[in-house]
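Novice: Below is the structure I would like to discuss, written out as structure tokens.
The values are calculated or read from the model by the stated rules, or taken from the named source; none is laboratory data. Computed from a predicted structure; not experimentally measured. Neighbour counts are summed over all protein chains in view; Cβ atoms, including those assigned to glycine, are modelled from backbone coordinates with ideal geometry.
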């Protein structure tokens, strides 16, 4: 496909996602308040005032420089919608507050465009409805309005995860390395997710004697693990900043893991019941699996390896959240898989639509 044609398609999709979502930008700016479970905002606010200054707040927030730099850039443009909003706090400048919301909105917009492109890769051609629906799902995730279109840093984390998965599907190691290097100063969850995904792909190939282990997956795994340990090195040795030392203490991690209260409703509800796209992708996978039970190639067609990897990632992130004593924030960490779930919801709906067209013609 000519590059100019691809550019036009991506541009049209961007306009589509922009038009269906800008109301959410207005709503978030008008009514979001960090005083209701989003107190991390106050750390990031200090960072946006002094980008790349590693002394303005504590660990681990201080290492999430990428998002706050992007917010600072939005702020420096002078872009501002000066209206009365619900959130008023002494010492918090409304224009910078607006810049946080806009920055995360732009990140979510880019995320929707990237996942629409990944659906093209999965389908093997450019279609209309599947990629548009996939991108739209990013706005319908529980995490979009709760954590992304806020004053936190989730928007750019979602974008990096989507872009890294695009590189993963394209087997583009160079792009993958660039994305993970950026993630060193965004969120460590990016390297965690791809370390688990690539490890699952390697293990599945190992146990399937008909397949050889793809060396690219080994490289993806090594890059992911290397990035994660580089983050630990930065946090403990290169740029040590005090705060939440329990997250790097093995004994503390083990203690919180063992003593986690599974029946605390404050943790349970926001963790378990917030994963709407994850449950939907499992439902659609199961439906397609049942309908294709007589097809020889269904395991590959349904991307079964990915579903196994996604389930594993969610479980691993849940246990990491337990060990790090994240409490009700565990749900937020698991929700970073939302762009990945959205991709395969769109793909599975495409398969169902194609099946219905075939049966209609019989």
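Novice: Going through region 172-184 one residue at a time, which ones are touching a residue at least 12 places away in the same chain (Cβ under 8 Å) and either surrounded by fewer than 24 Cβ atoms within 10 Å (Cβ to Cβ) or outside any helix (DSSP H, G or I) (or both)? Explain how you work it out, then say what you get.
Specialist: In the first step, residues of region 172-184 are kept if they are touching a residue at least 12 places away in the same chain (Cβ under 8 Å); the result is 173, 175-177, 179-184.
Matches in region 172-184: 173, 175, 177, 181, 182, 184.
Novice: Identify the single condition in (1) without any contact (Cβ under 8 Å) to a residue 60 or more places away in the chain; (2) within 29 Å of residue 349 (Cβ to Cβ); (3) buried (at least 16 other Cβ atoms within 10 Å of the Cβ) that residue 216 does not satisfy, given that it satisfies every other one.
Specialist: With respect to (1) without any contact (Cβ under 8 Å) to a residue 60 or more places away in the chain; (2) within 29 Å of residue 349 (Cβ to Cβ); (3) buried (at least 16 other Cβ atoms within 10 Å of the Cβ), residue 216 is out only on (3).
Novice: Just need a number here: residues in region 93-110 that are assigned to a loop (DSSP other than H, G, I, E, B) and in contact (Cβ under 8 Å) with a residue 24 or more places away in the chain. Give the derivation first.
Specialist: Taking region 93-110 as the starting set, the residues that turn out to be assigned to a loop (DSSP other than H, G, I, E, B) are 93.
Applying the additional criterion that residues be in contact (Cβ under 8 Å) with a residue 24 or more places away in the chain yields none.
Selection size over region 93-110: 0.
Novice: Any idea which of (1) farther than 30 Å from residue 351 by Cβ; (2) in contact (Cβ under 8 Å) with a residue 12 or more places away in the chain; (3) surrounded by 14 or more Cβ atoms within 10 Å (Cβ to Cβ) is the one residue 268 doesn't satisfy?
Specialist: Every listed condition holds for residue 268 apart from (2).
Novice: Regarding residue 196, is this residue part of a helix (DSSP H, G or I), farther than 25 Å from residue 60 by Cα, touching a residue at least 40 places away in the same chain (Cβ under 8 Å) and under 20 Å from the mean Cα position of the chain (by Cα)?
Specialist: Numbers: part of a helix (DSSP H, G or I): yes; farther than 25 Å from residue 60 by Cα: no; touching a residue at least 40 places away in the same chain (Cβ under 8 Å): yes; under 20 Å from the mean Cα position of the chain (by Cα): yes.
No, not satisfied.
Novice: Search region 118-162 for residues being crowded, with 24+ Cβ neighbours inside 10 Å and within 23 Å of residue 219 (Cα to Cα), and hand back the single one that is farthest from the chain's Cα centre (by Cα).
Specialist: 118
Novice: I need the full set of residues from region 238-265 which are part of a helix (DSSP H, G or I), exposed (fewer than 10 other Cβ atoms within 10 Å of the Cβ) and within 26 Å of the chain's Cα centre (by Cα), in order please.
Specialist: Result: 265, single match.
Novice: Here are 187, 169: which of them is more than 26 Å from residue 329 (Cα to Cα), surrounded by 12 or more Cβ atoms within 10 Å (Cβ to Cβ), modelled with pLDDT of 95 or more and touching a helix residue (DSSP H, G or I) at 6+ places or on another chain (Cβ under 7 Å)?
Specialist: Values: 187 fails: more than 26 Å from residue 329 (Cα to Cα).
Only one candidate passes the filter, namely 169.
Novice: Suppose we filter 108, 79 for residues that are modelled with pLDDT of 95 or more, surrounded by 14 or more Cβ atoms within 10 Å (Cβ to Cβ) and under 15 Å from residue 25 (Cα atoms); which single one remains? Lay out the reasoning, then the answer.
Specialist: Working: 79 fails: surrounded by 14 or more Cβ atoms within 10 Å (Cβ to Cβ).
Within the list 108, 79, the selection yields 108.
Novice: Within region 304-327, does at least one residue satisfy the condition of being out of contact with any strand residue (DSSP E or B) (no Cβ under 8 Å at 6 or more places or on another chain) and farther than 30 Å from residue 168 by Cα?
Specialist: Within region 304-327, the first condition is being out of contact with any strand residue (DSSP E or B) (no Cβ under 8 Å at 6 or more places or on another chain), and the residues that meet it are 304-327.
Among the residues that remain, those that are also farther than 30 Å from residue 168 by Cα are: 325, 327.
Yes, region 304-327 contains at least one residue that is out of contact with any strand residue (DSSP E or B) (no Cβ under 8 Å at 6 or more places or on another chain) and farther than 30 Å from residue 168 by Cα.
Novice: May I pose another question? Would you mind finding the one in 125, 117 that is out of contact with any helix residue (DSSP H, G or I) (no Cβ under 9 Å at 6 or more places or on another chain) and either under 17 Å from residue 342 (Cα atoms) or not in a helix (DSSP H, G or I) (or both)? Spell out how you get there, then give the answer.
Specialist: Details: 117 fails: out of contact with any helix residue (DSSP H, G or I) (no Cβ under 9 Å at 6 or more places or on another chain).
Sole residue among the options that is out of contact with any helix residue (DSSP H, G or I) (no Cβ under 9 Å at 6 or more places or on another chain) and either under 17 Å from residue 342 (Cα atoms) or not in a helix (DSSP H, G or I) (or both): 125.
Novice: What do you reckon, is residue 338 assigned to a helix (DSSP H, G or I), touching a residue at least 40 places away in the same chain (Cβ under 8 Å) and surrounded by 13 or more Cβ atoms within 10 Å (Cβ to Cβ)? If you could, list the steps in order and put the result at the bottom.
Specialist: On the way: assigned to a helix (DSSP H, G or I): yes; touching a residue at least 40 places away in the same chain (Cβ under 8 Å): yes; surrounded by 13 or more Cβ atoms within 10 Å (Cβ to Cβ): yes.
In short, yes.
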